[in-house]
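Structure first, then comments.
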Amino acid sequence: MVKICCIGAGYVGGPTMAMIAYKCPDIQVVVVDISTSRINAWNSDRLPIFEPGLDDVVRSCRGVNLHFSSDVESHVADSDIVFVSVNTPTKTRGLGAGKAADLTYWESAARMIADVSTSDKIVVEKSTVPVKTAEAIEKILTHNNPGKHDFQILSNPEFLAEGTAIADLASPDRVLIGGRGDTEGGRKAIAALKAVYAHWVPEDRILTMNLWSAELSKLAANALLAQRISSVNAMSALCEATGADVSEVAYAVGKDSRIGPKFLNASVGFGGSCFQKDILNLVYICECNGLPEVANYWKQVVQINDYQKARFVQRVVSSMFNTVSGKRIAILGFAFKKDTGDTRETAAIDVCHGLLGDKAQLSIYDPQVTEEQIRRDLATAKFDWDHPQHLVPSSPTAASKQVVMAWDAYAAAKGAHAVCVLTEWDEFKKLDYQRIYDAMEKPAFFFDGRNVVDVDALRKIGFIVYSVGKPLDPWIKDLPAAPSC
Ligand code: NAD
Ligand code: UDX
């Protein structure tokens, strides 16, 4: 029986391995992590991440051919295929700080694999890594385990999106496998990994290619996806200035089959652990390869995203008579998108920091994010990727004194001067907005950062509504020339 071990039981390692175990009863899958609390949660009734459909998949194979363990070394030692799905965050110090990927976790995992291996292995890059990482990993593995075992490195980047991870894994648009197809060992390794996915993925969706193409394709895909959002968000600013409606523009543009309708929703800004990190990584790689023009082109995608978040805060403050000091503002949604409890790089952090800086009182509600997480996020100094030597100061005192948590949207909005929607949770589409309006201070402002509400219906109730990229209410004030969060 083939044994797969995955190092890293996070948002990718956990669901991906659960799907492999679910679809491949003939394969033993063990997910290992240095975090014992995470492993304990994977072995409990309350999984460490919220992901629709994940519980059922895990429950059906956990203890059968899916195991979670903190005994990292012993499971790596005798596995045939080792996936490495550790975190690869942006470096915050040293060479490349603010842009380059921090491969510390990856390198330590590779050294450990070399140290403990008792058999030949296929080592699979599941984490998103800079192009050419496989070369470095190969060197670490072969130099630290000289002549003992054969290591074949494959790149198999993951394309799941949080909130839809199970559906994405069950029916991927494509699976990429990069390897050394020019060697006998490389071809065998590619075939072995392909055989795993072939249990449920149609063969024409399993793409094999050279290592560097596979590594770069992941960065390219995230860069192009994020670029679409920054493009539509840039357009949203122009829509507001001209009276066009960004939803109508996106609909019209998306009807062009060369463009397509997906991923054109204007928003308060993209978040999540991947887009910003991966684009900055791409920027750094371009700079290192002597391509400053290309680097600057991609940098703009992140800069527009920062601008969009800052612009939103400016709209709120300038519309509310240029001050939100002491005013209660309900924040609906804190996660970086719906159907996840993940807050990494969520636009809500920047927007809340901006409002707290103007001395607002925030009442925050999110159906999945815990109070502890929100307080931790707001109390943590924010790292400025463009000026890595500076931390954007945060105020732990502000985060504790100016912020309260609410049990639901109604409690959050009670007595508030304004409501801001920052995550597109479905439940926000169906709220009783008359009830919310009645319980608010007047004039009641509504700032929709996700275009989830029916603007006309809310205006009829009496709200002064701002919705990203939509024609403006006369009450919504123009922005000062240089917005900043
Ligand atoms: P994560 O932080 O949720 O999980 C990473 C896990 O690796 C952590 O639990 C950590 O404790 C563990 N770890 C780190 N070093 C280790 C070591 N030496 N030994 C054992 N465990 C170790 O990260 P994630 O969101 O799952 O992302 C993992 C990788 O996948 C990243 O490179 C990311 O860019 C990429 N990715 C993420 C997503 C996503 O939606 N989150 C999608 C595609 C790709
Ligand atoms: C992304 C990629 O989609 C996925 O393929 C990759 O593996 C990991 O990174 P994820 O970050 O989980 O996935 O979610 P995604 O759906 O891409 O959304 C990212 C951010 O963009 C969210 O904040 C979302 O709200 C925002 N977004 C998305 C928009 O603002 N508008 C859109 O039209 C789509």
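The values are calculated or read from the model by the stated rules, or taken from the named source; none is laboratory data. This structure is a prediction, so every number in the text was calculated from the model and none was measured. Glycine gets a Cβ as well: all are built from the backbone with ideal geometry, and neighbour counts include every protein chain shown.
Output yes when any residue across the range 55-66 is in contact (Cβ under 8 Å) with a residue 12 or more places away in the chain, more than 16 Å from ligand 2 (Cβ to nearest atom) and under 19 Å from Glu125 (Cα atoms), and no when none is. No, that holds for no residue.
Quick grid of which residues meet (1) assigned to a helix (DSSP H, G or I); (2) aliphatic (A, V, I, L, M):
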| residue | (1), (2) |
| --- | --- |
| Ile166 | yes, yes |
| Thr208 | no, no |
| Trp212 | yes, no |
| Ala234 | yes, yes |
| Ser247 | yes, no |
| Val253 | yes, yes |
| Lys262 | no, no |
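Would you mind stating whether Ser257 is part of a loop (DSSP other than H, G, I, E, B), surrounded by fewer than 24 Cβ atoms within 10 Å (Cβ to Cβ) and either modelled with pLDDT of 95 or more or at positive phi (or both)? Against the criterion (part of a loop (DSSP other than H, G, I, E, B), surrounded by fewer than 24 Cβ atoms within 10 Å (Cβ to Cβ) and either modelled with pLDDT of 95 or more or at positive phi (or both)), Ser257 qualifies.
In the range 312-333, is there at least one residue being under 23 Å from the mean Cα position of the chain (by Cα) and under 19 Å from Ser273 (Cβ atoms)? Scanning the range 312-333, I find at least one residue that is under 23 Å from the mean Cα position of the chain (by Cα) and under 19 Å from Ser273 (Cβ atoms), so the answer is yes.
Taking first residues from the range 268-289 that are in contact (Cβ under 8 Å) with a residue 12 or more places away in the chain and over 18 Å from Arg228 (Cβ atoms) and partners that are of a type in the set (Asp, Glu) and within 13 Å of ligand 1 (Cβ to nearest atom), the Cβ contacts under 9 Å between residues at least 6 apart in sequence or on separate chains come to Ser273/Glu162; Ser273/Asp342; Ser273/Glu345.
For Val369, the conditions (1) closer than 30 Å to Val301 by Cα; (2) over 22 Å from the mean Cα position of the chain (by Cα); (3) of a type in the set (A, V, I, L, M, F, W, C) all hold with the exception of (2). Taking the range 191-224 as the search range and keeping residues that are farther than 25 Å from Val29 by Cα and within 15 Å of ligand 2 (Cβ to nearest atom), which one is surrounded by the fewest Cβ atoms within 10 Å (Cβ to Cβ)? Going through the qualifying residues, I end up with Leu224. Number of residues in the range 2-44 that are touching an Asp or Glu at 6+ places or on another chain (Cβ under 8 Å) and assigned to a loop (DSSP other than H, G, I, E, B): the value is 5. Gln402 meets all of the listed conditions (1) within 16 Å of ligand 1 (Cβ to nearest atom); (2) in contact (Cβ under 8 Å) with a residue 40 or more places away in the chain; (3) not charged (D, E, K, R) but one, namely (1). Looking only at residues of the range 89-129 that are loosely packed, with under 15 Cβ neighbours inside 10 Å and free of Cβ contacts under 8 Å to residues at least 24 places away in the same chain, we find that the one that is nearest to ligand 1 (Cβ to nearest atom) is Ser108.
For the range 225-242, a residue qualifies if it is near ligand 2 (Cβ under 10 Å from one of its atoms) and more than 9 Å from Ala266 (Cβ to Cβ), and the qualifying residues are Leu225, Ala226, Arg228, Ser230. Among all residues of the range 76-96, there is at least one that is out of contact with any strand residue (DSSP E or B) (no Cβ under 8 Å at 6 or more places or on another chain) and within 23 Å of Gln28 (Cα to Cα).
Glu162 falls short on exactly one of the conditions (1) away from ligand 2 (no atom under 16 Å from the Cβ); (2) part of a loop (DSSP other than H, G, I, E, B); (3) under 23 Å from the mean Cα position of the chain (by Cα); (4) more than 13 Å from Trp212 (Cα to Cα), and that condition is (1). Please determine whether any residue of the range 181-196 is within 16 Å of ligand 1 (Cβ to nearest atom) and in a loop (DSSP other than H, G, I, E, B). Scanning the range 181-196 turns up no residue that is within 16 Å of ligand 1 (Cβ to nearest atom) and in a loop (DSSP other than H, G, I, E, B).
So which residues in the range 272-307 are within 15 Å of ligand 2 (Cβ to nearest atom) and touching a helix residue (DSSP H, G or I) at 6+ places or on another chain (Cβ under 7 Å), if there are any at all? Across the range 272-307, the qualifying residues are Cys274, Phe275, Gln276, Asp278, Ile279, Leu280, Asn281, Leu282, Val301, Val302, Ile304, Asn305. Could you please let me know if Ala226 is farther than 25 Å from Thr343 by Cβ and outside any loop (DSSP other than H, G, I, E, B)? So Ala226 does not fit the description; no. In the range 333-349, of all residues being surrounded by fewer than 24 Cβ atoms within 10 Å (Cβ to Cβ) and either on the phi > 0 side of the Ramachandran plot or hydrophobic (A, V, I, L, M, F, W, C) (or both), the one that is farthest from ligand 2 (Cβ to nearest atom) corresponds to Ile349. Total residues in the range 54-88 satisfying the condition of being surrounded by fewer than 16 Cβ atoms within 10 Å (Cβ to Cβ) and assigned to a loop (DSSP other than H, G, I, E, B): the figure is 4.
If the condition is being crowded, with 21+ Cβ neighbours inside 10 Å, free of Cβ contacts under 8 Å to residues at least 60 places away in the same chain and not in a strand (DSSP E or B), then the range 441-451 contributes only Ala444. Within the range 98-114, one or more residues are within 16 Å of ligand 2 (Cβ to nearest atom) and either over 26 Å from Ala381 (Cα atoms) or within 25 Å of the chain's Cα centre (by Cα) (or both). Counting only residues that are farther than 14 Å from Ile436 by Cα and surrounded by fewer than 21 Cβ atoms within 10 Å (Cβ to Cβ), the range 408-423 holds 0 of them. Within the range 406-413, not a single residue is of a type in the set (Asp, Glu), at pLDDT below 95 and either away from ligand 2 (no atom under 16 Å from the Cβ) or on the phi > 0 side of the Ramachandran plot (or both). Picking from residues in the range 234-254 that are buried (at least 22 other Cβ atoms within 10 Å of the Cβ) and not charged (D, E, K, R), the one that is nearest to Asp384 (Cα to Cα) is Ser236.
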